[in-house]
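Below you'll find the structure, written out as structure tokens, and then a few comments.
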Amino acid sequence: MRKCLAAVFFIILSSAVSAQNTTARISGKVTGVDKKPLPGVSIGIAGTALGVISDAEGEYTITVPSNRELTIVFSFIGYEQSSQKLILAEGEKKQLDKMLLPSIVPLPNVTISDPRERNAIIRIDPKSVEEIPNPTGNFETILKVIGSGVVSNNELSSEYSVRGGNFDENLVYVNDVEIYRPQLVRSGMQEGLSFINPDLVSGIKFSAGGFDAQYGDKMSSVLDIRYRRPDKFGGKITYGLLGGGLSLEGASKNKKLSWLIGARQKSTKYLLGTLDTKGNYKPVFYDVQAMINYEFNEKTSVSLLGNFSKSKYNIVPQTRTTDFGTVSQALRLTVYFDGKEVDDFTTTTGAVIFNHNPNKNVNLKFIGSVFNTREEETFDILGQYYLDELEKDPASKNFGEVKMNLGVGSFLNHARNYLDGKVYSAEHKGSYNYRHNELLWGLRYSHEEFNDQINEWNYIDSAGYSLPHPQDSVGGSLPSQPQLLLQDVMNRENSLSSNRYSGYIQHNFFFSDNSRFVLSPGVRFTWWDLNKELDISPRVSLSYKPEWKRNFSFRLAGGWYYQPPFYKELHNIDGSLNTTLKSQRSIHIVGGTDYVFKAWGRDFKFVTEAYYKWLSNLIPYKVDNVRIRYLGSNNSHGYATGIDFRINGQFVNESESWASLSFLKTEEDIKDDAYYIRLNARGDTIRGYTIDKVAVDSIKVIPGYIPRLTDQRVTFSIFFSDYLPKFPSYRMHLTLVFGSGLPVGPPGNDRYLDIKRYPFYRRVDIGFSKVFIEEGTKLNSRFTALNRLKSLSLSFEVFNLFQVNNVVSYTWISDVYGTKYGVPNYLTGRQISLRLSAKF
């Protein structure tokens, strides 16, 4: 394998040295009339499919054919289209800056975007990430607020589900490198920094379904991130109560070498202090990333991407007091703890990316990457609890105080879990542009090695009785001769080594110069030598932009999406591996419309997408906080259907805002999940189930379709930004998220019991900022250091503004009579934060 990679390297290097320049390069910066940079501007060559998008600084670089007349076209929503003709010599480098004027032409002439991205792709301005009030600093927060069909009811976690999928069904790429996550994380409190560093990002693309064959083998979504390629020195520094970061970038004088480095530190100790469980929290999270680019010549370049991340979560819990229940029965749980938890997650990622253009129409890319994770999760937590009923009579002087004790008990949670995992991959991607066509292809090989030691169990004792009770020969309990019965026991050592092969081919047809029709058929394949399964995934998308008076575009996409099992899915509930598991399968049909219109003299975009997904070969699972425990068998099928609405635009002049509304229904039918119950004295039936009588005193219940654990029927989110009209440097950014209740049930492997619902998730975060130095303006100060700053701002943020007690999971306790109580585990309460940010 190493010899093959070395051969590829020398072939590319030799071609780079010997190649003759048959192309030229154009670079520049796009601004508005106010001299501020314009990100997201489409720069293309008329009559071809070649094109790029300006980055967050309004800068761009495009390689073009030489020795021929070209028409360079600049287009952006709300601005007049601009074009310029020129002829460049071989190897020539042209600086072409462009200032776009606000659009005054009729709406139908406004260019929407790159036609290749009308197919189920959302493009997001990276600047929005900086503005969103964000308690964790994780990049994925932006998806939870403005992504269609994205659900996450945990502000401490970067995990998210999309259109009925779970956390493990989402693809993430950074500069074409697939990103992996730690595997043992069970709660948002343990999570460190997600891979993506917002300060390094220049482009964001997101698809919630119906994505093209060029993207990999997951069932739900794709997040495609591009890091910047700087051409001058700069940087950014942020510091606040929840952590900080430093990013630096630069380039050599001849622009051949460029580099980008970022370091972040996060501590959630301040946030965790608002939880019901009080104790000594010591979370320490930090990471370092670097991206280095070198151009051998106009045709060949190499990029190196590296990441090191460390997440340490230590806690010595002391006490917990949680009030819960209803108006008719108000309860309080009081717990006194002993013990501690020590978790350590260390991940590293390295990648080398060779990019070669033999001629103006062909691009060849070779990628080699390594991912390594070392994870340790150890805890022994002893809790002694008291369950009390509270006085609910407002007229009583003891209103809200303990009225009577309902039970006492204790529990012991133990874990010694260790994981060492590695993924090596080698990949080739290519593209060929000719006339109104673009051909894409790719091949990938990956080798995976995982070794784990899992030792985990729980013990529950209520008033001196071990639960569940051991029974004697006549069914009586034996409290005088107790037996230690443990629950949720996993005690395994596993080793896994396997190889995966995948590839794709995709053809983009652009029908006509203005690309009103774009058709993108393609097909993927995957082969895994562990289960000997070959998957073929045909996919297709079509977009159409009619020449109507009103600015509409339409798209239709669909295909087969297979998700081969990864390390986590292979585990049975007892920790053993099921290496015969097959790929989960999903068939997507997605239809959508985009409507660009004017209101208050400004452009708005209204997007509607409806979808249906047939799901088969599913692996049922249980969810606790953010931990997914798979049940180890492909014995379920189901569906997901819904509709998403999104509108974005400048509700306030020069201030972008978003609003999203989603409706979803997803259910599954698990095979062989029937159970028997006893009839009561009247022989009543059970409403809502299919019932088959098998005896006089019992019935067989066939649950049939039940809600999947991601069945959040309604989701609504807003990101709204504003400023004081007379003092525009004083700004406000607000996020609001509402989600209807997700399904939940008691612990155990019986999915048919998960038919209750969490309370609604409701959260409002707000941030106020003062901009001392506006980006794009020059400061004339007697202090030289201040004149070097591009921007400077101070933010004051309030998280969970209305102090809503959102529930992330339940702790289940029992008394000696077997009555179970689900005690809610609440997320963080109201908290304030300060953050200083400066660019230079």
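For T608, the criteria (1) open to solvent by less than 40 Å² (accessible area, probe 1.4 Å); (2) touching a Leu at 6+ places or on another chain (Cβ under 9 Å) hold in every case but one, which is (2). When you scan region 492-505, do you find a residue that is open to solvent by 40 Å² or more (accessible area, probe 1.4 Å), in contact with a Pro (Cβ under 9 Å, 6 or more places away or on another chain) and either among the hydroxyl-bearing types (S, T, Y) or modelled with pLDDT under 90 (or both), even just one? No, region 492-505 contains no residue that is open to solvent by 40 Å² or more (accessible area, probe 1.4 Å), in contact with a Pro (Cβ under 9 Å, 6 or more places away or on another chain) and either among the hydroxyl-bearing types (S, T, Y) or modelled with pLDDT under 90 (or both).
Every test in (1) basic (K, R); (2) more than 24 Å from K127 (Cα to Cα); (3) modelled with pLDDT of 90 or more is passed by R782 save one, and that test is (3). Can you say whether I72 is open to solvent by 30 Å² or more (accessible area, probe 1.4 Å) and among the aliphatic types (A, V, I, L, M), as far as the supplied structure shows? It is false that I72 is open to solvent by 30 Å² or more (accessible area, probe 1.4 Å) and among the aliphatic types (A, V, I, L, M). From the list L412, L419, which one is part of a strand (DSSP E or B) and open to solvent by 30 Å² or more (accessible area, probe 1.4 Å)? L412 is the lone residue from the list that is part of a strand (DSSP E or B) and open to solvent by 30 Å² or more (accessible area, probe 1.4 Å). Among the residues making up region 565-578, a single one is in contact with a helix residue (DSSP H, G or I) (Cβ under 8 Å, 6 or more places away or on another chain) and open to solvent by less than 10 Å² (accessible area, probe 1.4 Å): E569. Evaluation of F399 against the conditions (1) in contact with a Leu (Cβ under 9 Å, 6 or more places away or on another chain); (2) touching a residue at least 12 places away in the same chain (Cβ under 8 Å) shows that the sole unmet condition is (2). Taking the criterion of being surrounded by 16 or more Cβ atoms within 10 Å (Cβ to Cβ), of a type in the set (G, A, S) and in contact (Cβ under 8 Å) with a residue 60 or more places away in the chain, the residues of region 422-464 that qualify are S425, A426, G430, S431, G442, S462.
Residue under question is L581, and the condition is that it be open to solvent by 20 Å² or more (accessible area, probe 1.4 Å), touching a residue at least 12 places away in the same chain (Cβ under 8 Å) and at negative phi; does it hold? Answer is no for this residue. Exactly one of these conditions fails for Y730: (1) over 29 Å from T641 (Cβ atoms); (2) at pLDDT 90 or above; (3) out of contact with any helix residue (DSSP H, G or I) (no Cβ under 9 Å at 6 or more places or on another chain); (4) open to solvent by less than 70 Å² (accessible area, probe 1.4 Å). Give me its number. Of the numbered conditions (1) over 29 Å from T641 (Cβ atoms); (2) at pLDDT 90 or above; (3) out of contact with any helix residue (DSSP H, G or I) (no Cβ under 9 Å at 6 or more places or on another chain); (4) open to solvent by less than 70 Å² (accessible area, probe 1.4 Å), the odd one out for Y730 is (4).
Residues in region 600-636 that are of a type in the set (A, V, I, L, M) and part of a strand (DSSP E or B): V607, A610, L615, L618, V623, I628. Output the residue which, of all residues in region 12-49 that are under 23 Å from Q81 (Cβ atoms), surrounded by fewer than 19 Cβ atoms within 10 Å (Cβ to Cβ) and at pLDDT below 70, is nearest to the chain's Cα centre (by Cα). Restricting to residues being under 23 Å from Q81 (Cβ atoms), surrounded by fewer than 19 Cβ atoms within 10 Å (Cβ to Cβ) and at pLDDT below 70, the top hit is D34.
With respect to the conditions (1) in contact (Cβ under 8 Å) with a residue 40 or more places away in the chain; (2) surrounded by fewer than 20 Cβ atoms within 10 Å (Cβ to Cβ); (3) in contact with a strand residue (DSSP E or B) (Cβ under 7 Å, 6 or more places away or on another chain); (4) among the aromatic types (F, W, Y), Y630 lacks only one, and its number is (2).
Just one of the numbered conditions (1) among the hydroxyl-bearing types (S, T, Y); (2) modelled with pLDDT under 85; (3) assigned to a strand (DSSP E or B) is not true of Y173: (2).
Does N635 satisfy being under 22 Å from A213 (Cα atoms), among the polar types (S, T, N, Q) and free of Cβ contacts under 8 Å to residues at least 40 places away in the same chain? For N635, the condition - under 22 Å from A213 (Cα atoms), among the polar types (S, T, N, Q) and free of Cβ contacts under 8 Å to residues at least 40 places away in the same chain - is not met.
Matching residues to (1) over 30 Å from F517 (Cβ atoms); (2) touching a residue at least 24 places away in the same chain (Cβ under 8 Å); (3) not β-branched (V, I, T):
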{"position": "Y562", "(1), (2), (3)": "no, yes, yes"}
{"position": "I587", "(1), (2), (3)": "no, yes, no"}
{"position": "T593", "(1), (2), (3)": "no, yes, no"}
{"position": "F604", "(1), (2), (3)": "no, yes, yes"}
{"position": "S616", "(1), (2), (3)": "yes, yes, yes"}
{"position": "N625", "(1), (2), (3)": "yes, yes, yes"}
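Residues in region 716-727 that are open to solvent by 20 Å² or more (accessible area, probe 1.4 Å) and touching a Gly at 6+ places or on another chain (Cβ under 9 Å): F716 alone. Within the bounds of region 213-230, is there any residue that is open to solvent by less than 30 Å² (accessible area, probe 1.4 Å), in a strand (DSSP E or B), of a type outside the set (A, V, I, L, M) and closer than 25 Å to L792 by Cβ? The answer is yes, given that some residue of region 213-230 is open to solvent by less than 30 Å² (accessible area, probe 1.4 Å), in a strand (DSSP E or B), of a type outside the set (A, V, I, L, M) and closer than 25 Å to L792 by Cβ.
The single condition from (1) out of contact with any Phe, Trp or Tyr (no Cβ under 7 Å at 6 or more places or on another chain); (2) among the hydroxyl-bearing types (S, T, Y); (3) at pLDDT 95 or above that Y386 fails is (3). Quick one: would you say Q190 is surrounded by fewer than 22 Cβ atoms within 10 Å (Cβ to Cβ), in contact (Cβ under 8 Å) with a residue 60 or more places away in the chain and in a loop (DSSP other than H, G, I, E, B)? Criteria not met by Q190. Screening region 137-153 for residues that are open to solvent by less than 10 Å² (accessible area, probe 1.4 Å) and among the β-branched types (V, I, T) and picking the one that is modelled with the highest pLDDT gives V150. For region 385-409, which residues satisfy the criterion of being open to solvent by 40 Å² or more (accessible area, probe 1.4 Å) and either assigned to a strand (DSSP E or B) or closer than 30 Å to E493 by Cα (or both)? Answer for region 385-409, where residues must be open to solvent by 40 Å² or more (accessible area, probe 1.4 Å) and either assigned to a strand (DSSP E or B) or closer than 30 Å to E493 by Cα (or both): Y386, V402, K403, M404, N405, L406, V408. Selection of region 519-564 for residues being in a loop (DSSP other than H, G, I, E, B), of a type in the set (D, E, K, R) and crowded, with 16+ Cβ neighbours inside 10 Å yields only K545. Here R762 meets the list (1) open to solvent by less than 50 Å² (accessible area, probe 1.4 Å); (2) within 28 Å of the chain's Cα centre (by Cα) almost entirely, failing just condition (1). Scanning region 414-466 for residues that are under 27 Å from the mean Cα position of the chain (by Cα) and more than 30 Å from S576 (Cβ to Cβ) returns A426, E427, H428, K429, G430, L440, W441, G442, L443.
The values are calculated or read from the model by the stated rules, or taken from the named source; none is laboratory data. What you are looking at is a predicted structure, and each value in this text was computed from that prediction instead of being measured. Cβ atoms come from the backbone with ideal geometry, glycine included; neighbour counts cover every protein chain shown. Heads up: the accessible areas ignore ligands, DNA and RNA and are worked out on the full protein's heavy atoms, side chains in. Shrake-Rupley method; radii C 1.70, N 1.55, O 1.52, S 1.80 Å.
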